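> Okay, here's the structure, questions in a sec.
The values are calculated or read from the model by the stated rules, or taken from the named source; none is laboratory data. What you are looking at is a predicted structure, and each value in this text was computed from that prediction instead of being measured. Don't worry about glycine lacking a Cβ; one is built from the backbone with ideal geometry, like all the others, and counts go over all protein chains shown.
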Amino acid sequence: MTDRRGAARSAAPVSHGAKLPLDAANGGGRYPGFDTLSQSRHWDAATTGVVAPRVGIPVDLRFFTQHEEALVCALTDQLLGQHEDPRVPVVRMIDARLAEGQGDGWHHVDMPRDDRAWRASLAALDDDARDAYGVGFAECSWADQESVLRAVQHRTGQWHGMPQRWVWSLWTRYADTAFYSHPWAWDEIGFGGPAYPRGYKHLGLDAREPWEVADTHPRLDPLHEAESS
């Protein structure tokens, strides 16, 4: 199955001007005109081979079922605040990691392995949504999904036989890693992407390479703004 959240295997990353739909209050537009992929011509083949699959044509699922895909799409959209397209295709990147056994090299002793924990926690999340609203998590409204997740987030102790804090850590760890490994996210935070083999020469506070762009709102902290609202 192919959807808008897919990632891909592509010969080379090409910029099409896509930008995440973040408004200024949420940190969007801090680096106007900045485009990490415009520098891909300076990358070597190994670097291109790593980054290109994240921005090309979607690949088929290898770990999640189609039902699980709908669940994890809804879950990660909530965790990352991805309300509309274009979205960073985190689900396909998470799917690839789990299919290839690319975990973090460890798991909590009181948790299943990551692949089993993902399946179990998605099923549990679906059960909670059905208990609360009579439909599965993916079919819930945005507000109802948020309510189900807040109940999980604020729970203490065990949740469906697993420690709540480790389940929440599992979800956010995989979602954040996938999100911030994508060039569209790099554009939003002003990260210049892979330095090899060209490297960086202007090191130091507020020192920029010729292709980098200054932060137009250096004092804006979106997290602080959200917590204050």
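> With (1) touching a strand residue (DSSP E or B) at 6+ places or on another chain (Cβ under 7 Å); (2) under 14 Å from ILE94 (Cα atoms); (3) not aliphatic (A, V, I, L, M) as the list, and ARG62 as the residue in question, which single condition is left unmet?
(1)
> Which of (1) modelled with pLDDT under 95; (2) farther than 17 Å from ALA138 by Cα; (3) surrounded by fewer than 19 Cβ atoms within 10 Å (Cβ to Cβ) does ARG54 not meet, given it meets every other one?
(3)
> Turning to a different aspect of this structure: For LEU37, are the conditions met, namely being surrounded by 13 or more Cβ atoms within 10 Å (Cβ to Cβ), part of a loop (DSSP other than H, G, I, E, B), hydrophobic (A, V, I, L, M, F, W, C) and within 19 Å of the chain's Cα centre (by Cα)?
Numbers: surrounded by 13 or more Cβ atoms within 10 Å (Cβ to Cβ): yes; part of a loop (DSSP other than H, G, I, E, B): no; hydrophobic (A, V, I, L, M, F, W, C): yes; within 19 Å of the chain's Cα centre (by Cα): yes.
No; evaluated as a whole, the condition is false for this residue.
> Quick check on my filter: what residues within segment 52-92 are part of a helix (DSSP H, G or I), of a type in the set (A, V, I, L, M, F, W, C) and touching a Ser or Thr at 6+ places or on another chain (Cβ under 7 Å)?
Hits for segment 52-92 are ALA52, LEU79, VAL90, VAL91.
> Checking LEU220 against (1) of a type in the set (A, V, I, L, M, F, W, C); (2) in contact with a Ser or Thr (Cβ under 9 Å, 6 or more places away or on another chain); (3) modelled with pLDDT under 90: exactly one of these is not met. Which one?
It fails just one condition, (2).
> Okay, moving on. Conditions first: (1) buried (at least 16 other Cβ atoms within 10 Å of the Cβ); (2) closer than 15 Å to TRP171 by Cα. GLY136 passes all but one, so which condition is the exception?
(2)
> Filter segment 89-112 for residues that are surrounded by fewer than 17 Cβ atoms within 10 Å (Cβ to Cβ), without any contact (Cβ under 8 Å) to a residue 60 or more places away in the chain and over 16 Å from HIS160 (Cβ atoms) and give the result.
ALA99, GLU100, GLY101, GLN102, GLY103, GLY105, TRP106, HIS107, VAL109
> For GLU84, all conditions in the list (1) in contact with a strand residue (DSSP E or B) (Cβ under 7 Å, 6 or more places away or on another chain); (2) farther than 25 Å from GLY161 by Cβ hold save one; what is the number of the exception?
Against the list (1) in contact with a strand residue (DSSP E or B) (Cβ under 7 Å, 6 or more places away or on another chain); (2) farther than 25 Å from GLY161 by Cβ, GLU84 comes up short only on (1).
> Quick check on my filter: what residues within segment 188-223 are among the basic types (Lys, Arg) and either in contact with a helix residue (DSSP H, G or I) (Cβ under 8 Å, 6 or more places away or on another chain) or surrounded by 10 or more Cβ atoms within 10 Å (Cβ to Cβ) (or both)?
ARG198, ARG208
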